[in-house]
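We did not get these values from a lab; they are worked out from the coordinates using the rules stated. The shown structure was predicted, so the numbers you read here are calculated from the model rather than taken from an experiment. Neighbour counts are summed over all protein chains in view; Cβ atoms, including those assigned to glycine, are modelled from backbone coordinates with ideal geometry.
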Amino acid sequence: MSTTITRQIVKIDEELCTGCGLCVSPCAEGAIVMIDGKARVIREELCDGAGFCLGVCPTGALTLETREAVPFDHEAAEPIIAEKMKTYIPQVCFKCGVDEDHAPLLPVRQQGRSEWVCTRCLPALIHG
Ligand code: SF4
């Protein structure tokens, strides 16, 4: 029997999920997979609860919840991360176009859209 802990983990609202698949790529650990046209976390030990998938979901189907779950398994995730990095497409800031190799990017939602914004453009976005 696996030991569980209280931690953050991704929750997917099946009603809101359109099955677009946009959340699969940002999940470096491969925790999110598409099954029967819906996004699902089938191996909770691969979800680190960082929430990088949240910002790309166009419908707001993804949230973080705090609940009992098996701990994140670094050893299980490592080979998946290494494999995904071979085909990884870097995201860019929607305001200035800088990519994540040159500035940290954060997911934001505004006016119904999911975007990435760099830390240099974020203050202007917050303060106008
Ligand atoms: S990005 Fe959102 S709508 Fe698209 S598959 Fe993932 S959870 Fe579903």
Scanning the chain, every Cys lacking a C-beta partner under 4.7 angstrom -> Cys17, Cys20, Cys27, Cys47, Cys57, Cys96, Cys121
Only helices counted: for the chain, with every DSSP H run of 4 or more residues adding -39500 (n - 2.57) and the sum spread over all residues, [θ] at 222 nm is -3500 deg cm²/dmol
Checking rank on 24-30, 81-87, with mean other Cβ inside 10 Å and highest first, the result is 24-30, 81-87
Per the C-alpha gyration tensor (a ≥ b ≥ c, the square roots of its eigenvalues), the chain is rounded if a/c is under 1.5, else prolate if a/b beats b/c, else oblate; here it's prolate
Label model pair Glu75, Ser25: point-to-point distance (7 angstrom along the Cα→beta-carbon line) in nm is 3.3
Computed over the chain: longest principal axis from alpha-carbon atoms vs helix 74-84 long axis, angle to nearest 10 degrees, is 50
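Could you give the length gained by full extension between Tyr88 and Leu64, i.e. 0.36 nm per residue of separation minus their alpha carbon distance, to one decimal place? Don't skip to the answer; put the middle values down first.
Numbers: separation 24, 0.36 × 24 = 8.64 nm, distance 2.35 nm.
Value of the extension gain: 6.3 nm.
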